[in-house]
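Quick note: the coordinates plus some simple rules give every number you see, no bench work behind them. Just so it is clear, the model here is predicted, and its values are computed rather than measured. Neighbour counts run over all protein chains shown; Cβ positions are idealised from the backbone, glycine included.
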Amino acid sequence: TILVVDFGSQVTQLIARRIREAGVYSEIAPFSKAEEAFARLQPKGIILSGSPAGVPEEGSPRAPQCLFDAGVPILGICYGQQVMTHQLGGTVEPGDSGEFGRAFLTVTEECSLFDGLWEVGERHQVWMSHGDKVTSFAPGFSIVATSDGAPFALIADETRKYYGTQFHPEVMHTPDGAKLLANFARHVCGIAEDWTMAEFRDQKIAEIREQVGDGKVICGLSGGVDSAVAAVLIHEAIGDQLTCVFVDHGLMRAQEAEQVVSLFRGHYNIPLVHVNAEETFLSGLAGETDPEKKRKFIGKTFIDIFEEEARRIGGADYLAQGTLYPDVIESVSFTGGPSVTIKSHHNVGGLPERMNMQLVEPLRELFKDEVRDLGRELGLPDAFVGRHPFPGPGLAIRIPGEVTKEACDILRKADAIYLEEIRKNGLYDAIWQAFAVLLPVRTVGVMGDYRTYDRVCGLRAVTSTDGMTADVFPFSAEFLSNVATRIVNEVKGINRVVYDYTSKPPGTIEWE
Ligand code: XMP
């Protein structure tokens with residue numbers, strides 16, 4: 001095991017992820033709980049993360065002394081390098097100018113951290129992001145690589161196996177970063193075992209059992225991958241102490257609600273309450289055209305119905321959610337200042353406080369693709385696990401303007417044709433998200449000898465790794481015109497199809 005001590009960097013989770021990708025188990029503990037985590041895990045190596053704080057600042061966090069007394073290898077990254085330097089007798093000072101972005105290192109000495117990877121005299125691209133810097137290193141250390149802005153870019157004490165990088169090896173912009181971290185875990189710390197998702201599953205199952213005891217857990221299913229994976233995992237851990245509630249707002253894609261129900265009831269035999277609340281949602285949405293009001297209404301109604309069902313079931317002690325790591329970082333403001341709400345995201349937020357329940361969030365450490373791997377590990381069908389993300393408010397935010405049953409039905413048909421063509425052409429897995437939207441605009445067309453006056457359908461498809469930024473998927477013109485023809489011919493109510501060519505930013509993925 002590698003223990004990652006978190007000082008609050010936005011990218012700490014990436015460190016753990018890179019280590020896991022190298023087949024070595026890794027766990028993150030906040031610096032305040034690092035001592036306890038160390039005693040529990042007996043790790044063979046420690047990584048100290050970056051931080052928004054600065055070592056010279058009063059009250060900034062420190063690593064527990066026991067980590068330095070333990071005699072295991074330590075890698076300090078950015079703030080981690082500085083805090084280690086400071087605690088071991090070197091000095092760190094506020095830099096007059098920070099260094100942010102791409103930088104080039106020159107390797108000056110051999111070092112076991114990059115054995116077999118980098119040679120003396122080579123230059124390598126890395127990603128820097130720091131204001132303060134080390135100005136004299138602690139006894140025992142020496143410089144093994146430098147950059148123009150950071151003379152102490154990489155320092156090492158080979159006797160104690162302590163290493164400090166001013167740059168961030170965990171981010172993609174440090175091309176060899178993943179290999180450096182793998183080298184630290186495997187070569188420096190000598191960890192040979194191969195960690196797998198199967199072990200993660202077993203470990204989470206043990207943790208869930210410990211957390212929940214013989215308490216009752218309730219889990220809201222959205223129809224999406226995350227909540228389904230969380231529910232199946234929790235069910236493996238505690239069986240029928242779990243009840244799932246699927247609030248079906250009637251704003252799902254074609255066949256989707258049926259699939260969720262049959263998967264849970266038929267395949268897994270997990271207790272499931274299916275609430276068909278289409279009426280409530282559609283009547284509440286009638287006449288509403290403001291995107292934020294639509295989102296807020298759906299979010300609130302969802303919570304009201306969920307709460308009512310929970311009461312009917314007879315109270316639960318825990319609320320399970322499929323929160324992923326990107327949801328966790330998005331919800332923590334980095335600057336501490338107010339962040340601007342672009343869209344009010346719909347999840348089950350607000351529920352735990354209102355219902356006075358503790359949270360069970362077994363996926364908090366994972367990224368979307370890791371959740372998919374876990375889902376496969378749990379036996380969820382590939383087609384389900386590989387599904388594109390779908391927003392909580394569903395089709396309501398893909399129908400700009402008023403949402404009606406008729407509009408939902410038209411959109412479902414167009415969307416199904418679009419996705420069918422994407423699958424048929426083998427493009428589904430290359431796309432992060434593809435969907436149709438139904439515009440409130442009507443345009444004139446001609447079909448046969450008749451004039452038509454119908455609605456416009458927009459098609460969207462993007463590539464992305466996390467939904468935070470996105471590029472337009474470059475379909476061939478032939479593909480798009482084939483889909484357009486099919487939609488206009490087969491879906492009554494649509495007589496024109498357009499393709500959305502906007503990346504994110506400046507667009508967002510959804511239209512509302
Ligand atoms: P935007 O439209 O903000 O979407 O670029 C980014 C990603 O988030 C999804 N999305 C949501 N997911 N609840 C969710 O669970 C929501 O309210 C919500 N709104 C957008 C969107 O589909 C895309 O994957």
Pairwise centroid distance, computed over Cα atoms, of the stretch 139-216 with the stretch 409-451, Å: 46
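Restricting to Cα pairs below 8 Å that are 6+ residues apart, what does the relative contact order work out to for the stretch 2-188? Please round to a whole percent.
Details: 428 pairs, mean separation 41.4, N = 187.
With pairs under 8 Å counted, the relative contact order is 22 percent.
So how do 447, 357 line up by other beta-carbon neighbours within 10 Å, fewest first?
447, 357
Only counting other Cβ atoms within 10 Å, I'd like 377, 402 sorted with the fewest neighbours first.
Values: 377 19, 402 14.
Ranked by crowding around the Cβ, least crowded first: 402, 377.
Please give the peptides 2-15, 260-273 ranked by average Cβ packing (other Cβ atoms within 10 Å per residue), highest first, as a rough proxy for protection.
Values: 2-15: 23.2, 260-273: 16.0.
Those peptides, ordered most packed to least, come out 2-15, 260-273.
Go through 80-87, 126-133, 367-374 and give me the packing order, highest mean Cβ count within 10 Å leading. Display every interim value, and only then the final one.
On the way: 80-87: 26.4, 126-133: 20.4, 367-374: 18.5.
Per-residue Cβ counts within 10 Å, averaged per peptide and sorted highest first, yield 80-87, 126-133, 367-374.
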Taking 444, 483 and counting other C-beta atoms within 10 Å, the order from fewest to most: 444, 483
Alpha-carbon centroid distance for the pair the stretch 252-306 / the stretch 1-17, whole angstrom: 36
Residue pairs, from the table 293/492; 216/293; 133/368; 133/179; 44/161, whose Cα atoms sit over 23 Å apart: 293/492; 216/293; 133/368; 133/179
On Cα atoms only, tilt of 225-238 relative to the major axis of the chain in degrees: 70
The stretch 67-176: GluC sites (Glu not before Pro) falling in loop per DSSP and having at most 15 other Cβ within 10 Å: 109, 110, 119, 122
Size of charge dipole - the chain - debye, nearest 20, with Cβ of Lys, Arg +1 and Asp, Glu -1, no other charges: 1200
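Roughly what % of DSSP beta bridges within the chain run antiparallel, to the nearest 5? Walk me through the numbers before you get to the answer.
Working: 36 of 73 bridges.
Looking only at bridges with both residues in the chain, the antiparallel portion is about 50 percent.
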Acute angle (nearest 10 degrees) that the helix 197-212 long axis makes with the longest principal axis of the chain, alpha-carbon atoms: 80
Relative contact order (%) - the stretch 197-385, alpha-carbon pairs under 8 angstrom, separation at least six: 28
Placed amide H near residue 220: partners under 5 Å, 5+ positions off or other chain: 245, 320
Residue-averaged 222 nm ellipticity for the chain, from DSSP H runs of 4+ at -39500 (n - 2.57), nearest 500: -9500 deg cm²/dmol
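Relative to the Cα centre, what is the charge dipole magnitude of the stretch 231-336, using +1 at the beta carbon of each Lys and Arg, -1 at the beta carbon of each Asp and Glu, and rounding to the nearest 20 debye? Walk me through the numbers on the way to the answer.
Numbers: 9 positive and 17 negative charges, 19 e Å.
Dipole size: approximately 100 debye.
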Charge dipole (the stretch 2-188, unit charges on Cβ, about Cα centre) - positive-most of 144, 174, 94: 174
Charge dipole (the stretch 376-483, unit charges on Cβ, about Cα centre) - positive-most of 473, 407, 437: 407
Nearest-20 debye value, the stretch 126-218 charge dipole, Cβ charges on Lys, Arg, Asp, Glu: 60
